[in-house]
Structures are given as structure tokens and as C-alpha cells.
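Here the structure is laid out as C-alpha cells; the discussion comes afterwards.
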Amino acid sequence: MDYDENDLDDALSLLSNETRREILDYLQDNEEALVEEVAHHLTSELDLSRTEAKVELRHKHLPQLEDYGIVIHDERTGVFGYDLLHYSPDEDIERLLNVSEYL
């Protein structure tokens, strides 16, 4: 997949946040997830309360990942996962996640 400079800047901006990296890492192992499940994961991995994790997921991180076209979120059910109609998780996102572990 070819990226222009703006795409790369946007991707790096998304991955610069530890919470979003944890969300994407969680989705690498789970095709879809409930907000509650990911909030629980975030509280165990990061210094966030369950309430903070849920609020940040719903109002900050999921909208940003949706805007970039990586995930789709069904607000009615609370389920989200990779947006396979517009985005195909491939080696590029996995490489970026691996590199981001060393940043």
C-alpha cells in the first residue's frame, strides 16, 4: 500500500498515543470487541480508571480511529472492530505497532 506524506503523518499521529496503540494491539488479537472489554483491558495495561477508559474510548479514541477509517463502531451495541469495508489490516499497521513499541 502506498502512502503519501499526509497519510504517514496522520498514522504516526494516531500511533503517538499509548491508549490508541493499546486499542489497536487488542484488535490484533480480537476481531471485534465491546467497549467494556477494551476498557477493562486498558485499565489493566494503563494507569486509567474504568470510567476514564470508557469515556476516552467513546469520546476521543474511537472517533479518531473511525475518522481515519481503521475501525467501525456500532454505538447501539457498543461493538467495534476493524472497518473491513474501507480498511484491511495488513502488515503495514502491524509494522507501525511494532515500531511504536520502541518509541
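Here are the numbers:
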quantity: Restricting the range 51-103 to residues that are of a type in the set (K, R) and assigned to a helix (DSSP H, G or I), the residue that is modelled with the lowest pLDDT; calculated: R95
quantity: Residues that are touching a strand residue (DSSP E or B) at 6+ places or on another chain (Cβ under 7 Å), part of a helix (DSSP H, G or I) and at pLDDT below 90, drawn from the range 24-39; calculated: L27
quantity: Selected residue (only one of L42, L14 is at pLDDT below 85, among the aliphatic types (A, V, I, L, M) and part of a helix (DSSP H, G or I)); calculated: L14
quantity: Selection status of L48, part of a loop (DSSP other than H, G, I, E, B) and at pLDDT 90 or above; calculated: yes
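The values are calculated or read from the model by the stated rules, or taken from the named source; none is laboratory data. Predicted, not measured: the structure shown is a model, and the values here were computed from it. Note: ideal-geometry Cβ built from the backbone for every residue, glycine included; neighbour counts use all protein chains shown.
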